[in-house]
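The values are calculated or read from the model by the stated rules, or taken from the named source; none is laboratory data. Bear in mind that the values here come from a model prediction, so they are computed numbers and not experimental data. Cβ coordinates were reconstructed from backbone atoms using ideal geometry, including for glycine residues, and neighbour counts include every protein chain displayed. The accessibility values were calculated without ligands, DNA or RNA, using every heavy atom of the protein model including side chains. Shrake-Rupley method; radii C 1.70, N 1.55, O 1.52, S 1.80 Å.
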Amino acid sequence: MLNGKSLGKKNVDLNLYKSLWSIQFQPGTIKAIGYRKGKKVTEHVLKTAGDAFQISAKPLKSQLKANGEDLVLIEISILDKDGNYVFDANNEITVTVFGEGEFAGLDNGDVNDPGLFKTNVRKLFTANCLQQSVHPIKPVRWE
């Protein structure tokens, strides 16, 4: 659906695991709804973003063991003022770990980026980076 208007249904290509539509860009909202045997099983929505406004850092788990080996992945993203991902953001960010933990690495998923994994400075790729860090010495809980 593009801005509330249906673009029709297509079967998924089982070799590529996707369906393709050729449409002209329009600002607004695009929604993909997945069906299995006629029943809705998934839905994904993307909205046109405004200007970069804020940085989001979300841990992918909420509790860590204080064993010096547990690891948390932190998704770092650039969002507009409404909380939408700014997919063309490629800002350079610097990550610093405070408290009882150690920095382990930073990646952006861009196979063409020659940057080092063990550095704390990286350019975002499609508005995202993934900080692979924090080996806690004391128990940690994210809120």
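Does segment 49-95 hold any residues that are open to solvent by 60 Å² or more (accessible area, probe 1.4 Å) and charged (D, E, K, R), and which are they?
51, 58, 61, 65, 69, 81, 82, 88, 92
Tally the residues that are within 21 Å of residue 53 (Cβ to Cβ) and part of a loop (DSSP other than H, G, I, E, B), restricting the search to segment 86-99.
Total meeting the criteria: 7.
Failed condition for residue 70, given (1) in contact with a His (Cβ under 8 Å, 6 or more places away or on another chain); (2) part of a loop (DSSP other than H, G, I, E, B); (3) at pLDDT 90 or above; (4) not hydroxyl-bearing (Ser, Thr, Tyr), with all others met?
The failed condition is (3).
Within segment 100-143, track down each residue that is part of a strand (DSSP E or B), at pLDDT 55 or above and either β-branched (Val, Ile, Thr) or more than 18 Å from the chain's Cα centre (by Cα) (or both).
121
Can you say whether residue 72 is in contact (Cβ under 8 Å) with a residue 60 or more places away in the chain, over 19 Å from residue 8 (Cα atoms) and in contact with a Leu (Cβ under 7 Å, 6 or more places away or on another chain), as far as the supplied structure shows?
Yes; evaluated as a whole, the condition is true for this residue.
Looking at segment 20-46, I want the residues that are of a type in the set (S, T, N, Q) and have a partner that is open to solvent by 100 Å² or more (accessible area, probe 1.4 Å) with Cβ atoms under 8 Å, at least 6 apart or on another chain. Which pairs are those?
Going by the 8 Å Cβ cut-off, the qualifying pairs are 29/47.
Can you tell me how many residues in segment 96-108 are exposed (fewer than 15 other Cβ atoms within 10 Å of the Cβ) and either closer than 13 Å to residue 120 by Cβ or in contact with a His (Cβ under 6 Å, 6 or more places away or on another chain) (or both)?
Total satisfying the criteria: 3.
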